[in-house]
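Everything below concerns the one structure shown next.
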Amino acid sequence: MSLEHLLVHHGVRVTPNRLLVARALEQAGRPLSLMEIEERIDSVDKSNVFRALGVFKKARLVHVLEGDPVRYELCHSEDTDQDSDLHVHFYCVRCHKTFCLENLSIPAVKAPEGFLVQEASYLLRGVCPECGG
């Protein structure tokens, strides 16, 4: 599915800045922080990148990985109500990059009665192969 189609499918109006942000996320192949996105797109200022990410988050077009810093990953799910591409992530404590482990699904966890789970994330921390893991 093209990026334009993915944005439209999620109800996001296609603009040049939004396409640049989506393309940077897609080409990275891993979750990026706001600063990493800005470094990849020097033609768009920080406020426009941040606004695009906010629109993407509201439209469920990005996964937001909480942490310091927060990282964003383009969601390739065709379902706009529920993420069908949730997977485990790995954070390298040496290079500070976060990697997608798409072949590992987030384990199902049954919440206690009365709790309604809306999102789930699973983050492994350690040393990646590039850093000598």
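The values are calculated or read from the model by the stated rules, or taken from the named source; none is laboratory data. Note that the structure is a prediction, hence the values are computed from the model and not measured. Glycine also receives a Cβ, built like all others from the backbone with ideal geometry; neighbour counts cover every protein chain displayed. Ligands, DNA and RNA are stripped out before the accessible areas are found, and what is left, the full protein with its side chains, is counted by its heavy atoms. Shrake-Rupley method; radii C 1.70, N 1.55, O 1.52, S 1.80 Å.
Brief remarks on what is shown
- Residue match in region 56-65 (condition: surrounded by fewer than 14 Cβ atoms within 10 Å (Cβ to Cβ) and among the aliphatic types (A, V, I, L, M)): no
- Residue count for region 101-118, restricted to those that are touching a strand residue (DSSP E or B) at 6+ places or on another chain (Cβ under 7 Å) and either over 19 Å from VAL88 (Cβ atoms) or modelled with pLDDT of 80 or more (or both): 2
- Filtering region 8-46 to residues that are open to solvent by 60 Å² or more (accessible area, probe 1.4 Å) and assigned to a loop (DSSP other than H, G, I, E, B) leaves GLY11, ARG13, ASP42, SER43, ASP45.
- Among the conditions (1) open to solvent by 50 Å² or more (accessible area, probe 1.4 Å); (2) assigned to a helix (DSSP H, G or I), VAL49 misses just one, which is (1).
- VAL21 falls short on exactly one of the conditions (1) among the aliphatic types (A, V, I, L, M); (2) at pLDDT 90 or above; (3) within 20 Å of CYS128 (Cα to Cα), and that condition is (3).
- Checking each residue in region 89-133 for being open to solvent by 90 Å² or more (accessible area, probe 1.4 Å), farther than 26 Å from LYS58 by Cβ and of a type outside the set (S, T, N, Q) picks out ARG94, HIS96, ALA108, LYS110, GLU113, ARG125, PRO129, GLU130.
- Residue match in region 111-120 (condition: in contact (Cβ under 8 Å) with a residue 12 or more places away in the chain, assigned to a loop (DSSP other than H, G, I, E, B) and over 17 Å from GLU66 (Cα atoms)): no
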